[in-house]
1. Quick check, is GLY253 in contact (Cβ under 8 Å) with a residue 24 or more places away in the chain, open to solvent by 10 Å² or more (accessible area, probe 1.4 Å), under 30 Å from ARG175 (Cα atoms) and not basic (Lys, Arg)?
2. Does VAL82 meet the test of being touching a residue at least 12 places away in the same chain (Cβ under 8 Å), touching a Phe, Trp or Tyr at 6+ places or on another chain (Cβ under 7 Å) and crowded, with 16+ Cβ neighbours inside 10 Å?
3. Say we look at segment 62-79 and pick out the residues that are hydrophobic (A, V, I, L, M, F, W, C) and out of contact with any Pro (no Cβ under 8 Å at 6 or more places or on another chain); which of these is surrounded by the most Cβ atoms within 10 Å (Cβ to Cβ)?
4. Considering only segment 157-210, state which residues are touching a residue at least 60 places away in the same chain (Cβ under 8 Å), assigned to a loop (DSSP other than H, G, I, E, B), over 18 Å from LEU370 (Cα atoms) and more than 18 Å from the chain's Cα centre (by Cα).
5. Can you tell me which residues in segment 108-133 are surrounded by fewer than 21 Cβ atoms within 10 Å (Cβ to Cβ), out of contact with any Asp or Glu (no Cβ under 7 Å at 6 or more places or on another chain) and touching a residue at least 12 places away in the same chain (Cβ under 8 Å)?
6. In segment 231-272, which residue that is among the aliphatic types (A, V, I, L, M) and part of a loop (DSSP other than H, G, I, E, B) is nearest to the chain's Cα centre (by Cα)?
Amino acid sequence: MPEAFIFDAIRTPRGRGKSSGSLHEVKPVRLVTTLMHELQRRHDLDTSQVEDVVLGVVSPVGDQGSVIAKTAALAAGWDLKVAGVQINRFCASGLEAVNLAAQKVKSGWEDLVVAGGVESMSRVPMGSDGGAWALDPETNMATNFMPQGIGADLIATLDGFSREMVDEFGVKSHRKAAAARVEKRFVKSLIPVTDDIGLTILDHDETIRPDTSLESLSQLKPAFEKIGQMGFDSVALRKYPQVERISHVHHAGNSSGIVDGAALVLVGNEEDGKRLGLTPRARVLATALTGTDPTIMLTGPMPATRKALQKAGLSIGDIDLFEVNEAFAAVVMRFMAEMGVPEEKVNVNGGAIAMGHPLGATGAVILGTLIDELERRNLKRGVATLCVGGGMGIATVVERV
């Protein structure tokens, strides 16, 4: 069976996901073609050899609809034989796209695939595609649906994470991301977005706040307390009767930011890589998916990581670095506590609290960040994992080549 190698992983900067954000003027297809042009340029890539483009898109409507993967391949001037598909596994979409690419390659049925994701949250707001789970009251009641923020607050309540503890995690995310930017740790993979005449629109992650402090975060009001009082707290308490009341501790400063961004990963087998002059950076050792309680919703990273490690024949101690998506502070805090992973191995360059969470792209973004940091530190193995809507979890184990 062929091995699935990662030859490159690149991304755009993450722009604030509002009309005032720098990337609001840029169509999502342009975010993707920017990265396609860069992959082609830096590897002198013969695009006729790319068999498929797999893109995660969580709200695949409007600017992001109509199979944007194929549209982008055409708009980038890639060979007409290149196919394209978009997928939606909520927040896991970008990593699932890479995992599907790796599985295609390992099966031997495809040899070179581009995977990743895009989300322009300023142009296509979260939830634009609708869906019964979140928007149909009958389905809400039947499935004990609860907004993710309530789930994060429930995790904090169950685990005893105080407001100060989750705020401290948020402060650290910003400080680590700010330090990584100053030390140019993102330069290898971060591709500036430019306009038609080559002027830079954005060349850095727009939401990092180096001056974030416990004092500044303490001024922010809990984001999910009011909707909890509207009835969602009651849903949670029915499922978790051991909890007397939910402590609402999450807010904009310790939760992932709404941003625009895209990422692409070039995946292929060893033979075709050599033929095309591509140098492998990492191999995909294992991937895994799981489902957990959809009410608390955000506990999937732990069982998904255990499952992926089991498939790879590894233990938690064999992993040098972890990228755990910072959907909310409590998600990563529970991961570290439950898995026995020290803080110095997790999100060492900050995460989505500081830099934002472009839903369809994030999984591919953090995988690229992980590989960059394994190379920088001369380490061997890493795990990328995300919590996912509906209680799902996803994980990918990679080994540096």
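The values are calculated or read from the model by the stated rules, or taken from the named source; none is laboratory data. Because the structure is a prediction, the values reported are computed rather than measured. All Cβ positions, glycine included, derive from the backbone under ideal geometry; neighbour counts span all protein chains shown. For the accessible areas, the whole protein counts, side chains as well, though only heavy atoms, and no ligand, DNA or RNA atoms are used. Shrake-Rupley method; radii C 1.70, N 1.55, O 1.52, S 1.80 Å.
1. The answer is no for GLY253.
2. So VAL82 fails the test.
3. Going through the qualifying residues, I end up with ALA72.
4. PHE161, SER162, PRO192, ASP203, ARG209
5. GLY108, PRO125, MET126, GLY127, SER128, ASP129, TRP133
6. Ranking the qualifying residues of segment 231-272, first place goes to ILE258.
Rundown of residues vs (1) more than 25 Å from the chain's Cα centre (by Cα); (2) among the basic types (Lys, Arg), yes/no style:
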site: THR71; (1), (2): no, no
site: ALA83; (1), (2): no, no
site: ARG89; (1), (2): no, yes
site: LYS106; (1), (2): no, yes
site: VAL113; (1), (2): no, no
site: GLU138; (1), (2): yes, no
